[in-house]
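The values are calculated or read from the model by the stated rules, or taken from the named source; none is laboratory data. Since we're looking at a predicted model, the values are computed, not measured. All Cβ positions, even for glycine, are placed from backbone atoms using ideal geometry, and neighbour counts span all protein chains on display.
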């Protein structure tokens, strides 16, 4: 028996091995992190120049224009994340199919899917924001409902990006395809035997240390910048590993066989029955889709 924590680190380790074989791929999460830093830096500078922070410090006034600018920055960040995830997914799929992964191919594929990526980033960002607000509500019912909906949303959207880049599906079609593949392969009674959220939490802890050191030497502004830079780069790396694994799961759901570096046992046991959470279950080999 292995815990979800152990499973997660095993998946990150395998994904890292895939990433190491084509070091050029590691540029994609770094590029994603760098662009996100620019987006947030520009947002912070614009809010500072517009006097937003001064108003918040004085009497907590937050104008409609401030909110609109923050929403725009949020949507931009969502688009950046989805765009680079699509590029990573395209390159990872190429690698897992036995070809040499190429960063240019990944970016070109993402560019070819810009319309679908833009629409999906708006859809995912809107739903994600709504679920976040629901989970943070003071109502106990709202919190539980937000948790359940967030869990379901995570399952049905698992293969959206691979479906967009591999099959060329539009945003809504990719969502339907993702739901179909997950239900077809693992069914409704299965839950994840891994949790990349653990890795994101550890990244946040890792970012806190340099931020604390910089705070005592250079002050709060430099600490925020240092912590944000480490955090965003760490998140980009974990996101890359997660995307590689999702692409491997997608190939497994489509073909019914393991492909690339991930053993059949790992892919088959990625989702287990609720009663067996944390175990790699021996299940019969999956058949490919009927279509």
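For the reader, a short list of remarks on this structure follows.
- Some residue of region 173-181 being under 24 Å from residue 240 (Cβ atoms), at pLDDT 80 or above and out of contact with any helix residue (DSSP H, G or I) (no Cβ under 6 Å at 6 or more places or on another chain): no
- Taken over region 105-147, the criterion of being farther than 17 Å from residue 28 by Cβ, in contact (Cβ under 8 Å) with a residue 24 or more places away in the chain and either in a loop (DSSP other than H, G, I, E, B) or touching a strand residue (DSSP E or B) at 6+ places or on another chain (Cβ under 6 Å) (or both) is satisfied by no residue.
- Any hit, region 79-101, residues being outside any helix (DSSP H, G or I), modelled with pLDDT of 80 or more and surrounded by 19 or more Cβ atoms within 10 Å (Cβ to Cβ): no
- The residues of region 108-127 that are farther than 14 Å from residue 84 by Cβ and either surrounded by 22 or more Cβ atoms within 10 Å (Cβ to Cβ) or out of contact with any helix residue (DSSP H, G or I) (no Cβ under 7 Å at 6 or more places or on another chain) (or both), listed by number, are 112, 115, 116, 126.
- Residue selected from region 262-276 under the condition buried (at least 16 other Cβ atoms within 10 Å of the Cβ) and more than 18 Å from residue 179 (Cβ to Cβ), by the criterion modelled with the lowest pLDDT: 272
- Cβ-Cβ distances below 9 Å connect the following pairs, each with a first residue in region 35-62 that is in a loop (DSSP other than H, G, I, E, B), a second residue that is surrounded by 12 or more Cβ atoms within 10 Å (Cβ to Cβ) and modelled with pLDDT of 70 or more, and a separation of six or more residues or different chains: 50/69; 62/70.
- In region 154-171, the residues that are loosely packed, with under 15 Cβ neighbours inside 10 Å and outside any loop (DSSP other than H, G, I, E, B): 154
- Selection of region 1-42 for residues being over 22 Å from residue 244 (Cβ atoms) and either modelled with pLDDT of 80 or more or within 20 Å of the chain's Cα centre (by Cα) (or both) yields 37, 38, 39, 40, 41, 42.
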